[in-house]
Amino acid sequence: MSEILSGKTQPAPAERITRKGFWKTLGIFFALIGPGIITSNVDNDAGGITTYSLAGSEYGLTLLWTLLPITFALIIIQEMCARMGVVSGKGLSDLIRERFGAKATFYLMIALFLTNLGNTISEFAGVAASLEIFGVSKYLSVPLSAFFVWWLVVKGSYKSVEKAFLVACLFYISYIISGFLAGPDWHQIRTAFFTPTLRFEPGFLTMAVGVVGTTIAPWMQFYLQSSVVDKGLKTEDYQYARADVIFGSVIVNVVAFFIVMLCAVTIFQAGIKIETAKDAALALAPLAGKYCTWLFSFGLLNASLFAASILPLSTAYTICEAFGWESSLDRKFAEAPQFYGLYSLMILLGAGVILFPNVPLIPIMFYSQVINGALLPFILIFMLILVNDRKIMGSHTNGWTLNLISLVTIVVLIFLSGAMIWTALV
Amino acid sequence: MAVAPNAQVFLFLSQILGGKIVDAEDCLLGKISDLVVSNADLYPPITGIFYTPATGKTAHRLPWAKVVEFGEQVLVSPLDLQDQPQGTLQEGELLLKESLLDKQIVDTHGAKILRVNDLHLLKMNRSLFLVHVDVGFRGLMRRIGLEKAADKFFQWFFDYHLADHFIPWRFVQPLSSPDLLRLKVAQNRLSLLHPADLADIIEELDIHKRSEVFQSLDVETAAEALEETDPKIQVRLIENLNPAKASDIIEEMSPSEAADLLGDLPKEKAEGILKEMEKEAAEDVKGLLVHHEEKAGGLMTTAFPILPPHATAREALELLRQDAENLDVIYYLYVTDADEHLLGVVSLRDLLMAAPQTHLSDMMDPRVVSVKLEEKKEEIADLFGKYGFKAIPVVDEDQRIQGVITFKSLLEVIAPELGK
């Protein structure tokens with residue numbers, strides 16, 4: 001079957017590139033990018049920013065180096081997803097359902113729903129926290145932002161939504177600017193960045209695992225693969241998808257770098273104890289100026305809204321795809337009840353929980369992180385099996401070098417996830 | 001077991017898979033791993049069983065004729081060595097688990113892509129037939145082993161009786177079957193769909209399945225579906241075909257749709273296809289290609305009826321009857337002189353009411369509303385709105401008729417700006 005298809009394909013990629021000039025190649029790159037960059041940036045969501053700020057303000061520059069291996073692992077894993085999307089033309093939950101059957105898929109989807117719900121709650125908590133810094137009550141900001149998110153996706157077309165998302169990616173620059181506003185000692189940072197330090201104390205290790213866990217999350221693999229499929233990239237255009245993934249993975253860690261660094265050179269050096277991203281933003285004002293606080297909170301608001309738009313949508317898509325339910329924004333509510341039902345439920349619960357007075361936010365996030373960590377190994381193992389399946393991938397399976405690298409990456413991640421669950425529950 | 005030999009029993013594939021196969025001496029041969037059906041019939045009979053032996057991993061095939069009793073255990077008569085062909089499928093055969101279970105199918109009755117949760121089989125007179133595909137929630141729960149629990153929960157919590165959602169096999173077109181491209185026209189149930197529904201389904205499929213499904217269609221169905229497909233996807237589908245097949249399909253399309261599509265293709269590819277097309281059709285399309293897609297020249301079609309003023313109503317009707325199949329416009333006949341200067345228009349209604357001998361010049365309406373080649377779509381839309389025509393002719397500077405814009409082609413360019 002694949003022979004018939006590939007028999008009719010275009011000239012080899014190398015030939016295509018030499019035929020097109022450099023500018024044309026660059027033009028194609030910009031037309032085909034998006035999925036990788038958007039996925040990576042959503043990854044720097046409210047939970048991510050909180051973890052990075054805590055890492056910086058509690059352990060200074062000592063954790064900065066972990067961002068290098070994290071970037072590497074992120075590229076390895078996302079590249080496999082993008083490749084599966086381009087080659088198979090199917091989403092990850094689609095492939096999992098067809099390869100591993102109904103039972104495994106069902107429990108996987110329940111776990112994914114729960115962890116994504118937990119993440120959505122933390123996004124709305126991020127919206128509430130960032131706007132409280134500007135003096136807006138959460139009873140106003142949360143319902144409004146929930147409505148905005150719902151309206152953007154349900155009433156907008158996919159194209160306008162993707163553009164809005166790409167613009168949201170630009171706003172992450174606010175963290176880079178605020179990093180420079182703090183006026184750090186670059187020499188010291190460079191030394192810290194290239195000197196791996198490992199302290200064998202529970203707090204330090206938990207934080208290291210947290211940084212990894214927040215950067216490589218289960219939902220990303222599903223979202224990335226689906227959006228690569230939606231773009232309809234051909235196998236010959238795979239190189240652009242890979243460039244997109246690498247570019248996105250680097251960008252996300254540059255932003256993380258600046259957040260850790262900013263908190264390290266200000267809050268950590270002043271010896272202030274913080275617990276949330278909001279604390280971090282407020283602590284910045286006397287240390288680095290009020291503009292720095294504003295930029296930091298604006299970044300948090302942008303990140304939270306951005307992720308709150310994507311997480312429920314991605315969850316609804318993924319689950320409907322696995323069970324064969326109608327899932328398209330082009331359908332009316334009555335035509336795709338499961339899709340809109342799941343989507344609306346996520347937003348309603350996500351935003352609703354925040355509005356309860358005295359809601360136990362920290363345990364909620366905590367357990368959602370635990371499910372995240374428990375789910376990730378399964379998804380990574382499924383991915384590794386799928387990407388090596390010749391029936392699905394044809395000649396695009398992993399080579400043995402890549403298999404070895406991904407296996408090591410996955411084993412390390414599984415070990416870290418296990419460690420996180422263990423420290424969380426014991 | 002106390003089941004009468006001719007009793008009718010419904011079974012689910014999920015309950016059959018993993019069942020034990022034993023021979024007359026109650027010796028375990030292996031476990032059922034898949035069933036083979038012959039897809040030729042309306043209700044395909046099971047023709048074979050694949051089983052994995054207790055020792056070893058590769059699946060063996062067992063002919064259905066060897067099955068003595070198909071109950072909780074499958075009892076088979078002793079096997080000869082030649083009864084075990086090496087697990088290969090014959091023409092028209094389909095593996096139920098491999099190609100259907102958990103895979104996508106098209107429900108040609110409801111015009112939807114669905115995922116198969118289970119398969120419903122009927123056991124009758126020692127034969128087993130595939131009758132329904134289960135796409136419902138209850139089927140999903142059965143696979144997970146929570147069927148009873150789900151039934152009870154829905155009854156207790158919502159007071160709702162959870163029913164099965166079956167689709168009869170005759171409305172099912174499998175998509176994962178490896179021989180989609182080798183289907184005979186009659187077997188391809190996709191042609192039962194309305195072209196617009198078929199186009200929707202093609203758009204929803206992934207890129208590989210899309211071209212596979214498209215290439216499995218007969219030329220006429222392919223052309224009809226292609227006309228209704230999103231332009232970007234049209235280009236992809238045609239790019240994957242060789243020029244000969246592509247030109248066959250494009251010839252079947254209306255000239256204006258064909259010109260829009262060729263205009264969107266890379267130049268080399270479009271020229272290759274035009275070369276393969278019949279001369280007359282290619283000329284028509286080439287004439288349309290020079291015009292801007294959103295102006296009158298780009299919207300119009302060249303497949304419309306023209307007649308001289310001295311023709312009679314009878315001759316006109318005769319001409320319509322002969323050409324109707326290839327015409328995009330049949331509601332209006334355009335009356336022109338020998339140089340194709342537009343003189344008047346006759347509607348089909350006028351024609352049907354007129355005495356057969358009446359000359360067109362006596363019945364035509366000389367006040368024809370027409371547009372120039374460069375007219376913009378907004379102005380054309382205003383004219384359609386004002387006069388309520390079904391089509392408007394396009395003329396050049398000398399009032400010579402060049403083409404006709406149908407309301408449908410206008411709607412296609414205006415629709416994206418309506419609503420949202």
Under-5 Å amide H pairs with B:Val345, H placed in peptide plane, nonlocal only
B:Val335, B:Asp365
Evaluate the Kirkwood expression for the hydrodynamic radius of segment A:67-111, namely the inverse of the mean inverse distance over all pairs of different C-alpha atoms, and round to one decimal in Å.
11.9
Test of understanding: ordering A:Leu170, A:Leu181 by Cβ neighbours within 10 Å, fewest first, what list do you get?
A:Leu170, A:Leu181
Convert each backbone phi in segment A:406-421 into a coupling constant with the Karplus relation 6.51 cos²θ - 1.76 cosθ + 1.60 (shift: θ = phi - 60°), then list the ³J(HN,Hα) values in order as whole Hz, x for Gly and Pro.
5, 5, 4, 4, 5, 4, 4, 5, 5, 4, 5, 4, x, 4, 5, 5
Evaluated at 20 °C and 1.002 mPa s, the Stokes-Einstein D of segment B:306-417 based on the Kirkwood radius over Cα pairs, in µm²/s, stands at 146
Summing -39500 (n - 2.57) over the DSSP H runs of n ≥ 4 in chain A and dividing by its residue number, what mean residue ellipticity at 222 nm do you reach, to the nearest 500 deg cm²/dmol?
-26500 deg cm²/dmol
Express the C-alpha Rg of segment A:79-137 as a ratio against the empirical globular expectation 2.2 N^0.38 Å, rounded to two decimals.
1.70
Obtain the nm distance between the two label points defined at A:Ser160 and B:Asp230 by a simple spin-label model: each point lies 7 Å from its Cα along the Cα-to-C-beta direction.
1.7
Tell me, rounded to the nearest percent, the portion of alpha carbon pairs in chain A spaced more than 36 Å apart.
24
On C-alpha positions alone, give me the angle between the axis of helix A:290-323 and the longest principal axis of chain A, in degrees, nearest 10.
30
For the protein assembly as shown, give me the percentage of DSSP beta bridges that are antiparallel, rounded to the nearest 5 percent.
90
Long pairs among A:Lys163/B:Lys209; B:Lys112/B:Lys377; A:Lys332/B:Lys232; B:Lys245/B:Lys295, criterion Cα-Cα beyond 32 Å
B:Lys112/B:Lys377
Take B:Asp323 and A:Arg390, extend 7 Å from each Cα along the Cα→Cβ direction, and tell me the distance between the two endpoints in nm.
5.8
In whole Hz, the Karplus estimates of ³J(HN,Hα) for segment A:144-153 (6.51, -1.76, 1.60; θ = phi - 60°; x where Gly or Pro) are 4, 5, 4, 5, 4, 4, 5, 5, 4, 7
Give me the mean projected area, in nm² to one decimal, of the convex hull enclosing the Cα positions of the protein assembly as shown.
45.9
Would you mind ranking B:Val404, B:Val395, B:Val235 so that the residue whose beta carbon has the fewest other beta carbons within 10 Å leads the list?
B:Val235, B:Val395, B:Val404
What does the charge count near B:Ala316 come to, summing +1 for each Lys or Arg and -1 for each Asp or Glu among other residues with Cβ under 14 Å from its Cβ?
-2
Chain B - convex hull of the alpha-carbon atoms, volume per residue in Å³:
220
Read phi for every residue in segment B:291-301 and hand back ³J(HN,Hα) as whole Hz from Karplus 6.51 cos²θ - 1.76 cosθ + 1.60, θ = phi - 60°, with x for Gly and Pro.
8, 5, 4, 9, 10, 3, x, x, 8, 7, 10
Full-stretch length increase - B:Thr88, B:Leu17 - with 0.36 nm per residue and alpha-carbon distance subtracted:
23.6 nm
Stokes-Einstein D for segment B:180-290 at 37 °C, 0.692 mPa s, Kirkwood Rh over Cα pairs, in µm²/s?
236
Describe numerically, in nm with one decimal, the distance between label points set 7 Å from Cα along Cα→Cβ at A:Lys290 and at A:Trp186.
3.0
Could you tell me the relative contact order of segment A:107-259? Use alpha-carbon pairs under 8 Å, at least six residues apart, and round to a whole percent.
28
Footprinting proxy, A:Leu95, A:Leu375: sorted fewest to most Cβ within 10 Å, the residues are A:Leu375, A:Leu95
To two decimal places, what compactness ratio does segment B:21-136 give when its Cα radius of gyration is scaled by 2.2 N^0.38 Å?
1.13
At 222 nm, what helix-only mean residue ellipticity would chain B give, in deg cm²/dmol to the nearest 500, using -39500 (n - 2.57) for each DSSP H run of four or more?
-10000 deg cm²/dmol
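The numbers here are math on the coordinates, done by the rules we state, and not lab data. Since this is a predicted model, take the numbers as computed values, not measurements. Because the Cβ atoms are built from the backbone with ideal geometry, glycine has one as well, and the counts that use them run over all protein chains shown.
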